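The values are calculated or read from the model by the stated rules, or taken from the named source; none is laboratory data. Being a predicted model, the structure only gives us computed values, none of them experimental. A quick note on method: Cβ atoms are made from the backbone with ideal geometry, for glycine too, and the neighbour counts reach across all protein chains shown.
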Amino acid sequence: MDMTQSRSAAPLLEKVEQKFRSHLNLVAALTRDFAAATDYEDMAAAGLEQVTNYVGAEASSLFLLDETGKELICVACYGPVNITSLRVPADSGIVGRSVQQQKGQMVRDVSLDADFGGAVDAQTGFKTKSILAAPLSIGDEHLGSIEIINKNTDDGLFHDSDLTLLETLSSAAALALHNLRLTQQVVQQERASREVELAAEIQRNLLPVQKGQKFPIHGVNIPARSVSGDFYDILPMSDGRIWFNIGDVSGKGMNAALLMAKTTSLFRCLAKSATHPGQLLHIINNELCETNSHGMFVTMIGGLLDPATGHVAMSNAGHEPPLLLDLKSHEFKEMPAEAPPLGITPNIAGSGGFPNTEFDMCGGSLYIFTDGLTEARTFGGSIVGNDGARSLILEHLEQPAEKQLRNITAAVRLPSKPLHDDLTLLIVQDCSKGFHKPPITVTRDPMQQIQKILHLRLPARADRLKLIRAAVKEAAEYCLCDSDWTRDLTLAVDEASQNVIRHAYDSSKEPGDICIDFIKEGEQMVVHIMDFADRVDPEKVKGRDLEDIRPGGLGVHLINSVTDDARFVTPPTGVGNLFKLTKRL
């Protein structure tokens with residue numbers, strides 16, 4: 001190149017360099033503005049007008065994919081026509097093509113492009129001649145596209161440098177959009193979390209304050225999640241009588257919590273003028289039906305106790321049957337619901353209101369609970385059920401009411417098995433004058449502190465050993481035993497169970513059952529392992545000499561080495577075999 005050519009090329013190079021520097025300055029400025037944007041409008045204000053004017057075009061728009069990924073929505077635009085909120089299919093048009101192919105598109109004459117529909121021009125009167133479109137994406141996440149329309153030059157044509165610039169800006173915009181969405185999600189999560197905390201606090205404040213051990217009614221509410229659909233209330237009246245209720249809202253979450261708050265507020269407000277529980281539930285039902293729009297309902301028991309006489313009037317709207325316990329005989333009387341739940345339809349129980357049940361407690365105790373108790377799981381993984389609920393009540397019967405509540409609920413609140421449903425329990429005691437509670441007949445020595453922890457009954461099959469080992473772990477956790485103690489007892493129970501599985505039943509037939517009970521007796525754990533096979537001679541079940549090195553026969557030595565006592569005892573029914581293991585806690 002001679003000097004003349006060099007001098008003539010210098011201005012061209014300088015012009016290219018200036019344009020490149022101008023591009024970089026624009027990209028840097030817009031990247032800063034994108035990063036500072038707090039919403040889509042801020043991004044549009046920061047970018048569309050500047051890039052449109054810089055390129056020398058008529059209009060531009062920002063399209064984002066909706067939640068389904070099937071439509072593109074114009075969230076911002078710049079130019080003579082406002083197309084904000086316009087929706088177009090994500091797989092059509094030039095903008096859609098840029099998203100589907102994840103590639104920049106430069107169409108210099110839209111009339112020659114088969115994907116250009118012209119429907120928007122027909123609606124707005126705007127004339128589209130040429131289009132630039134660049135996709136917005138972060139990795140595999142497709143967000144949308146930026147579109148620029150109609151180059152304002154003599155030839156009206158976009159250049160490759162325009163597309164390169166737009167693609168560079170779209171990368172910065174996509175990153176800013178991604179960060180903006182993440183920020184909004186965090187804000188929404190924090191707001192939702194705070195709202196849940198406030199709702200839980202409001203619910204706790206709606207629950208009655210415990211009034212001391214001598215008060216005849218005690219209750220507890222344990223949410224399965226942060227907020228609860230269960231509730232209970234205790235409302236003393238000026239004449240000495242006491243209103244009480246317990247309820248369970250169908251469904252979960254905030255809607256259930258709101259309906260719970262409304263129901264308990266109605267009860268507290270209307271009880272002061274109601275004459276009996278059936279009338280009160282009738283009024284609450286009609287009030288709930290006026291505003292209940294979620295198809296939800298409430299199972300509820302409302303009651304009125306006269307503590308001076310032990311007389312109770314009670315109405316049950318579709319709730320779990322309360323249990324009236326006779327403290328002399330330890331027999332339960334179940335009191336099933338006589339009416340459907342609240343909130344289904346007005347006047348559902350008829351013009352006379354919900355049925356009333358009236359009775360004298362005669363020194364007994366009334367236990368009312370939600371299905372969160374009967375549907376909870378024990379240490380062995382089985383559902384508590386009605387029989388299990390009765391057993392828990394009897395097991396803690398000699399304790400004061402508040403301690404009964406703590407211990408009954410603690411028996412089903414396992415660290416490894418969170419509650420499936422909210423749990424609420426109410427105890428109503430007869431503390432009427434002149435009644436002297438008879439001594440409770442106890443079938444055990446109270447000094448031994450005997451407590452049944454867990455009961456299993458399952459087929460004597462090898463594939464059940466995993467469940468048995470898990471049960472040992474749960475029982476050990478309940479007694480706060482360390483890992484070494486738990487390992488030793490697991491070995492002993494596993495070995496004894498394997499002996500039943502291998503030898504107790506005829507291998508050619510369907511195996512019988514094996515029952516395992518874990519019992520805490522004072523400072524020791526007792527495990528009963530029982531089968532229902534033919535009786536064995538305990539003298540023949542002995543460990544052989546350890547110096548006799550042959551396969552098998554060492555299980556008895558293993559069991560004796562990790563327990564304090566292991567022996568066959570007479571089964572309570574006289575049928576089968578009962579092997580008793582004892583290990584100090």
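Within the range 207-231, residues that are closer than 15 Å to Ile242 by Cα reach partners that are buried (at least 17 other Cβ atoms within 10 Å of the Cβ) and of a type in the set (Ser, Thr, Tyr) with beta carbons closer than 9 Å, at six or more positions or on different chains, in the pairs Pro208/Tyr232; Pro216/Ser432; Gly219/Tyr232; Gly219/Thr424.
Out of Gly318, Gly364, Gly372, report the one residue that is of a type outside the set (A, V, I, L, M, F, W, C), within 36 Å of the chain's Cα centre (by Cα) and at pLDDT 90 or above. First the steps, then the outcome.
On the way: Gly364 fails: within 36 Å of the chain's Cα centre (by Cα); Gly372 fails: at pLDDT 90 or above.
Only one candidate passes the filter, namely Gly318.
Only a single criterion out of (1) part of a helix (DSSP H, G or I); (2) in the same structural domain as Phe126 (by TED's automatic domain parsing) is not satisfied by Gly156, namely (1).
Checking the condition of a type in the set (Ser, Thr, Tyr) and crowded, with 20+ Cβ neighbours inside 10 Å, which residue from Ser315, Ser329 passes? Step through it out loud before you land on a result.
Numbers: Ser329 fails: crowded, with 20+ Cβ neighbours inside 10 Å.
Exactly one residue qualifies, and that residue is Ser315.
Within the range 223-242, being under 17 Å from Ala376 (Cα atoms) and either outside the structural domain of Arg413 (by TED's automatic domain parsing) or crowded, with 21+ Cβ neighbours inside 10 Å (or both) holds for Ser228, Gly229, Asp230. Name the residues in the range 550-572 that are exposed (fewer than 15 other Cβ atoms within 10 Å of the Cβ) and at pLDDT below 75, would you? Arg550, Pro551, Gly552, Gly553 - these are the residues of the range 550-572 that are exposed (fewer than 15 other Cβ atoms within 10 Å of the Cβ) and at pLDDT below 75.
Within the range 80-93, the set of residues being on the phi > 0 side of the Ramachandran plot and modelled with pLDDT of 90 or more comprises just one member, Gly93. Considering every residue within the range 280-288, establish whether at least one is acidic (Asp, Glu), under 25 Å from Ala401 (Cβ atoms) and either under 33 Å from the mean Cα position of the chain (by Cα) or at pLDDT 90 or above (or both). No, that holds for no residue. The C-beta contact set for the range 48-76 (first residue in contact (Cβ under 8 Å) with a residue 60 or more places away in the chain and assigned by TED's automatic domain parsing to the domain that holds Asn150, second residue surrounded by fewer than 19 Cβ atoms within 10 Å (Cβ to Cβ) and of a type in the set (Gly, Ala, Ser), distance under 6 angstrom, 6+ apart or interchain) comprises Glu58/Gly79; Ala59/Gly79.
Given the options Glu521, Glu510, Glu547, name the one that is under 24 Å from Glu395 (Cβ atoms) and at pLDDT below 90. If you could, list the steps in order and put the result at the bottom.
Details: Glu510 fails: under 24 Å from Glu395 (Cβ atoms); Glu547 fails: under 24 Å from Glu395 (Cβ atoms).
That would be Glu521, the only listed residue that is under 24 Å from Glu395 (Cβ atoms) and at pLDDT below 90.
Which of the following residues is at positive phi and in the same structural domain as Leu62 (by TED's automatic domain parsing): Gly117, Gly125, Gly96?
Just one listed residue meets the conditions, Gly125.
Could you tell me how many of the residues in the range 286-305 are over 17 Å from Leu270 (Cβ atoms), in contact (Cβ under 8 Å) with a residue 12 or more places away in the chain and surrounded by fewer than 16 Cβ atoms within 10 Å (Cβ to Cβ)? Residues in the range 286-305 being over 17 Å from Leu270 (Cβ atoms), in contact (Cβ under 8 Å) with a residue 12 or more places away in the chain and surrounded by fewer than 16 Cβ atoms within 10 Å (Cβ to Cβ): 1 in total.
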